[in-house]
Each structure stands twice: as C-alpha cells, then as structure tokens.
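Asker: Quick one: the structure is below, questions incoming.
The values are calculated or read from the model by the stated rules, or taken from the named source; none is laboratory data. Computed from a predicted model, the values in this text were never measured in an experiment. Heads up, the Cβs are rebuilt from the backbone with ideal geometry, glycines too, and the neighbour counts pull from every protein chain shown.
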Amino acid sequence: MAATDDATQTGFSLELTDDQRELRDWVHGFAESVVRPAAAEWDEREETPWPIIQEAARIGLYSYEGLASFFADETGLTLPIVNEELFWGDAGIGLAILGTALPVAAIFGQGTPEQIAEWIPRCFGTADEPKVAAFCASEPDAGSDVSAIRTTARFDERTSEWVLNGQKAWATNGGIADVHVVIASVDRELGARGHAAFVISKEETKGIEQGAKVRKHGLRASHTADVHLDDCRIPADQVLGGKERLDERLARVREGRRSRSQAALQTFEATRPTVGAQALGIARAAYEFALEYAKERVQFGRPIIDNQAIAFTLADMKTEIDAARMLVWRASWMGRTGRPFENAEGSMSKLKAGEVAVWATERAIQILGGNGYTREFPVERFHRDAKIYTIFEGTSEIQRLVIARAISGMHIR
C-alpha cells in the first residue's frame, strides 16, 4: 500500500465534524417543530404543503445555496444526513421539499456550466415565491425498463428547435413544477443509448401539461402526476450537455463504440444513496416511536419491553438501521470522492435501506398491536411511506440485478 494510502487509513474516522453535527441538529429541529406536527394533516389532504416549503425556503433549507452547500461537503455525508433528518419528520413533506434535488442532480451531472448556472436556481424560485422542479423518466410502459421509453425528441432543422412528444408517468412535482427535466429518445434504434435529457420551462413553453394526478398509498403530501408532451418545442440549447456533445455521443454509438452514459441511469445511480438516506429517516422514526411505546405500554403488570420478543425485535431494528446507514454513508462518500462503484455500492445502499424501512415499519406496527394499525398513531403512515422505497428509482429486484452484474462481470438477465 502506498504511503498516501497509509496516511488515509490512519486518519479514518466515523466521527462527524462540528459543522455536520450542527447542520444535522438544525434540520432535525425543523423536522421536529415544523414538519412532524403537520404530517398527518397534509397526508390526509394529499396536497403539496406549500406553506412548509416556503418556511424551508425562508430559513435557507430549501434553496440553491443550501443544496450547493450540502453538495460541497468533501466527505459526501452532509446530503444523506439532511435527508435522513428531514424524512424522520415526515417522508411526504420531506419529498415535497427535497424532490427537486433529483432534477437538480440531472442538470448538475449532465449540463454545461451555462445550463447549470441558468436552470438550477430556477428550480427553487425565491424565498418569497418558492418553486419546485420535476424529473420525468418513467412512462406507462417504461418503469424499470428505461430502454422502453417511447417519448421522442426530434430536431427541427428549420426552426432550430427540439420537438418532444410522449407521456411521462409517476413524475414527482409533475405539472406543478416550472422546470421539468425530461428523458426522451432521440434515436429509438439505439435503445437507452439513444436517450437524452431535456430541460423545459412549463411557464414559458407550450405543449407540456399535467395529466392525471396519482392518488398514492404513501408519500401523499408529495405531488405525483403524469406529464403530457404534445409537439412541445424548445430551443436547441435545452438538451443537457448541448447538442454538439449529444451528436458526438450518438455518432460513437452508431459506429459501435461504447457510450459513457445513459441519461436516466446516470441520474439514478448518482442519487441512490440519497434515496437510501430518506428510507433510513422513515425507519428510524418508526424504531424510535416503537421503542418509547414499548417502554410506556404496560401489559400484565409490566412494560412490554420487558418481554424478550419485544426487546429483541427492537434490538434487531436498531442494528439493521445502523447497518443500512453505513452502506449509505459509504456510497455517498465514494460518489463524492470519485471512487467508482465497482460492486454497485450505490445500489447496495438503496436496496438495504429501502428493505430495512419496510421491515422496520412493519415491526413497529406489530409492537404497537392494534394501535399500530390505526391512524391515531403514526407508524401506519410510516409503513405506507416506506413501501415505495423498494419500488421507485429502481425496484429491489433491479438493484439486485445491478449488483449481481457488477460482482460477476456477467450480463445476468
């Protein structure tokens, strides 16, 4: 091992910095005092909690500058810490606040410096008038199979415009956002390698409209809807990365050379540890509630935590949550420091955290018994919110497929 590697190993620590602890406590305070008391109301209303988004914008939690500071942490841990604490407060409201991070990640990861400077601030709006952004990849017949995307983008040489047609499904903030990042096929014969990402302002563009709003099992405070594109025309420079770079990439693919990235998959791979952190927040909320309940709930003359069946379940919950956090932190650190995910570490983190969230919230309901099944207690909402984390941004089955391919070097189907 090289001397520099030895030095790095010697300096290894899992201790958070003062700045990270201060930020964690600040976000936790907002989640505890503002988000959690409003969670049940907005879950029932199934509406976007604009007043809470505005409060988050007012204090700087929801802003371009805030997200940039989270990304700037060289360890990569700040962003998952923020997500875990906010989603500990409530996952639906948390996604309403931080759902904009996914399209921002697409713009930041694939856009030119000029596109980044123009479009990312527009995703947030201002403290007085906050806005949200949407990432539109999935379609009615294209979820896990991104190669099945049928939305098309055709370049009109006469007007120097892109013309987009198709339907997107399951878009967080779809239709209520100003900025929409849309994945479309430029060349269907190339499958997923013929895709590109386009950035569209709904306020300034005709032909992009909200379709049906989805009524969901969980995350009800987060708006989800279809987005329809009907001869939607945008300027040539609104393809992320620029048209010249897209043309060069497509030419390489057509010549049989390898393409370095696919628009949708590149974005999802970068955000999977953050999604895992969101699931962690839900799992931790359920564990902490069940722990306190078990200490206070008396049956047969003693607190139910005195029973090994309950105590051991809580011990397992704590262990699984902490183990999942280590995978999330490792993947976040690797992504921020440029370490390649040679064994699909990003997918590992999302897989483990999502499944732990579903398992832990179900255990919490069991510990509360009949109370856990009612809306008078929050664990049933935690359970509803957790389930999507084994489905969206790559199902658990897809994560296992990605991991299996990475560790075997084979194209397992």
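Asker: Please go through the range 334-362 and pick out each residue that is farther than 17 Å from Phe87 by Cα and either polar (S, T, N, Q) or exposed (fewer than 15 other Cβ atoms within 10 Å of the Cβ) (or both).
Answerer: Scanning the range 334-362 gives Thr337, Gly338, Arg339, Pro340, Glu342, Asn343, Ser347.
Asker: Okay, next question. Of all residues in the range 356-413, which are among the hydroxyl-bearing types (Ser, Thr, Tyr) and either touching a residue at least 40 places away in the same chain (Cβ under 8 Å) or closer than 23 Å to Ser144 by Cα (or both)?
Answerer: Thr361, Tyr389, Thr390, Thr395, Ser396, Ser408
Asker: Could you list, ordered by first residue, the pairs with Cβ atoms under 9 Å in which the first is in the range 230-246 and more than 15 Å from Leu164 (Cβ to Cβ) and the second is surrounded by 15 or more Cβ atoms within 10 Å (Cβ to Cβ) and among the basic types (Lys, Arg), at least 6 apart or interchain?
Answerer: Cβ pairs passing all conditions: Gly241/Arg249.
Asker: Counting just the residues of the range 26-72 that are aromatic (Phe, Trp, Tyr) and farther than 20 Å from Thr126 by Cα, which one comes out surrounded by the most Cβ atoms within 10 Å (Cβ to Cβ)?
Answerer: Out of the qualifying residues, it is Trp42.
Asker: Which one of these is under 26 Å from the mean Cα position of the chain (by Cα), at pLDDT below 95 and either in a loop (DSSP other than H, G, I, E, B) or not hydroxyl-bearing (Ser, Thr, Tyr) (or both): Glu355, Glu397, Glu393?
Answerer: Glu393
Asker: When you scan the range 321-343, how many residues do you find that are in a loop (DSSP other than H, G, I, E, B) and in contact with an Asp or Glu (Cβ under 9 Å, 6 or more places away or on another chain)?
Answerer: Number satisfying all stated conditions: 2.
For every residue, the table says whether it meets (1) within 19 Å of the chain's Cα centre (by Cα); (2) closer than 21 Å to Ala225 by Cα; (3) not in a loop (DSSP other than H, G, I, E, B).
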{"site": "Glu41", "(1), (2), (3)": "no, yes, yes"}
{"site": "Gln54", "(1), (2), (3)": "no, no, yes"}
{"site": "Leu95", "(1), (2), (3)": "yes, yes, yes"}
{"site": "Pro103", "(1), (2), (3)": "yes, yes, yes"}
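Asker: Next up: Can you find a residue that is touching a residue at least 24 places away in the same chain (Cβ under 8 Å), farther than 20 Å from Gly89 by Cβ, surrounded by fewer than 22 Cβ atoms within 10 Å (Cβ to Cβ) and more than 18 Å from the chain's Cα centre (by Cα) anywhere in the range 279-296?
Answerer: Yes, because at least one residue in the range 279-296 is touching a residue at least 24 places away in the same chain (Cβ under 8 Å), farther than 20 Å from Gly89 by Cβ, surrounded by fewer than 22 Cβ atoms within 10 Å (Cβ to Cβ) and more than 18 Å from the chain's Cα centre (by Cα).
Asker: I'd like the residue in the range 124-136 that is assigned to a loop (DSSP other than H, G, I, E, B) and not polar (S, T, N, Q) and, out of all such residues, is nearest to the chain's Cα centre (by Cα).
Answerer: Val132
Asker: Does at least one position in the range 228-240 carry a residue that is under 26 Å from Ile93 (Cβ atoms), modelled with pLDDT of 95 or more, surrounded by fewer than 16 Cβ atoms within 10 Å (Cβ to Cβ) and touching a strand residue (DSSP E or B) at 6+ places or on another chain (Cβ under 8 Å)?
Answerer: no
Asker: Every residue in the range 363-386 that is assigned to a helix (DSSP H, G or I) and surrounded by fewer than 17 Cβ atoms within 10 Å (Cβ to Cβ), please.
Answerer: Result: Gln366, Gly369, Gly370, Asn371, Tyr373.
Quick grid of which residues meet (1) without any contact (Cβ under 8 Å) to a residue 60 or more places away in the chain; (2) touching a helix residue (DSSP H, G or I) at 6+ places or on another chain (Cβ under 8 Å); (3) assigned by TED's automatic domain parsing to the domain that holds Val239; (4) among the polar types (S, T, N, Q):
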residue: Ser144; (1), (2), (3), (4): no, yes, yes, yes
residue: Ser147; (1), (2), (3), (4): yes, yes, yes, yes
residue: Thr151; (1), (2), (3), (4): no, no, yes, yes
residue: Ile176; (1), (2), (3), (4): no, no, yes, no
residue: Val179; (1), (2), (3), (4): no, yes, yes, no
residue: Val186; (1), (2), (3), (4): no, yes, yes, no
residue: Glu189; (1), (2), (3), (4): yes, no, yes, no
residue: Ala196; (1), (2), (3), (4): no, yes, yes, no
residue: Ile200; (1), (2), (3), (4): yes, yes, yes, no
